[in-house]
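Encoded as structure tokens, the structure appears first; notes follow it.
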Amino acid sequence: MKRLPLLVAIVTMVTAGAVPPPRAAADTTLPPCPQTDPVITPTGTSDQVDCILHAGDLDFTVKYWSVPELPRPRAVKVTVTDRSGAVVQTIDELLEPSAPGGVGLQDVDGDGREELIIPISQNLLNGGNPNTRFSVWRAPGDSQHYERTQMVAQAVYPSGDGYLVTNGGGPSSRDLTFYLPTGAGYTLVVVLTIEVLEADPATNQALTVNCRAHQEDGLHAVDMTDHQAEDYFCNSPAAKAIWPDAERVQIKRWGLGGN
């Protein structure tokens, strides 16, 4: 008769052990982030503080990590949780002391859904202008999984013809990198360098510029040849917006015959 309570106790222990542990939840004690837009511009800055961002049905808990020897955070962890509080993804990013600002959300490609942007560092390029290295985490459609693409620029925006473009460089030379939004983040299609050939010495206004394409390894994604890509992207809205009043001068590409 004494075996029955013992058996009940054993069954209770086994049943309790079979229950899965509770799922991790978001830290609801953190305040909303003071600034939601990311900072990658040459002169802008924002605070790097522990906080929460919101986009659609997802929360992004932002926590920075540092050590006493460094004045700035050296890493950031972003925990993505759904409406129930369950963790759907954890994003870790190493930072450099020169990172100009905090994590932000922005619909950079114009698809109606915000991307997670993490500024990583800022460096002087092409004549001394600050350019920011940052990661863009994109989730297509209603997916809850974000994919990472690293970029370097002073600005990022839709190109006007279905691409995402980053704009970087210096006072007399601009680098436009065109990306194709995909289910795996962004595919780099082509890079344009638009360079001032002649400028007004009195006003420093660009008079003639040249546009050339390079880093064309991604042209298979848009089914273009080198010639077609240079012609198309150099005449795109994004490219024509750079020194729009200057005369475009074409320089024949070596080995391509100019046709």
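The values are calculated or read from the model by the stated rules, or taken from the named source; none is laboratory data. Bear in mind the structure is a predicted one, so any value in this text is a computation, not a measurement. When we count neighbours, we look across all protein chains shown, and the Cβ atoms used for this are built from the backbone with ideal geometry, even at glycine.
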Please enumerate the residues belonging to segment 35-78 that are hydrophobic (A, V, I, L, M, F, W, C), without any contact (Cβ under 8 Å) to a residue 40 or more places away in the chain and part of a loop (DSSP other than H, G, I, E, B). Val67, Leu70
Number of positions in segment 203-234 that are surrounded by fewer than 17 Cβ atoms within 10 Å (Cβ to Cβ), among the β-branched types (Val, Ile, Thr) and out of contact with any helix residue (DSSP H, G or I) (no Cβ under 8 Å at 6 or more places or on another chain): 2
Within the set of pairs 6 or more residues apart or between chains, which connect a residue that is at negative phi and assigned by TED's automatic domain parsing to the domain that holds Leu95 inside segment 123-135 to a residue that is surrounded by 16 or more Cβ atoms within 10 Å (Cβ to Cβ) and at pLDDT below 85 with Cβ atoms less than 7 Å apart? Asn131/Leu125
Among strands (runs of 3 or more DSSP E) entirely within segment 133-202, at least 1 residues that are in contact with a Phe, Trp or Tyr (Cβ under 6 Å, 6 or more places away or on another chain) and surrounded by 14 or more Cβ atoms within 10 Å (Cβ to Cβ) occur in 147-153, 164-170, 173-182, 185-199
Quick check on this structure: which one of Asp107, Asp142 is without any contact (Cβ under 8 Å) to a residue 12 or more places away in the chain and under 14 Å from the mean Cα position of the chain (by Cα)? Asp107
Within segment 79-112, restricting attention to residues that are part of a loop (DSSP other than H, G, I, E, B) and of a type in the set (Ser, Thr, Tyr), which residue is farthest from Arg138 (Cα to Cα)? Ser98
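Here is a yes/no grid of residues against (1) at pLDDT 95 or above; (2) over 18 Å from Gln144 (Cβ atoms):
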residue	(1), (2)
Phe60	yes, no
Pro71	no, yes
Val78	yes, no
Asp111	no, no
Glu114	yes, no
Exactly one of Asp161, Asp226, Asp175 is of a type in the set (Asp, Glu) and over 22 Å from Glu115 (Cβ atoms), and that residue is Asp226
Return the only residue of Asp175, Asp111, Asp142 being more than 24 Å from Cys33 (Cβ to Cβ) and of a type outside the set (A, V, I, L, M). Asp175
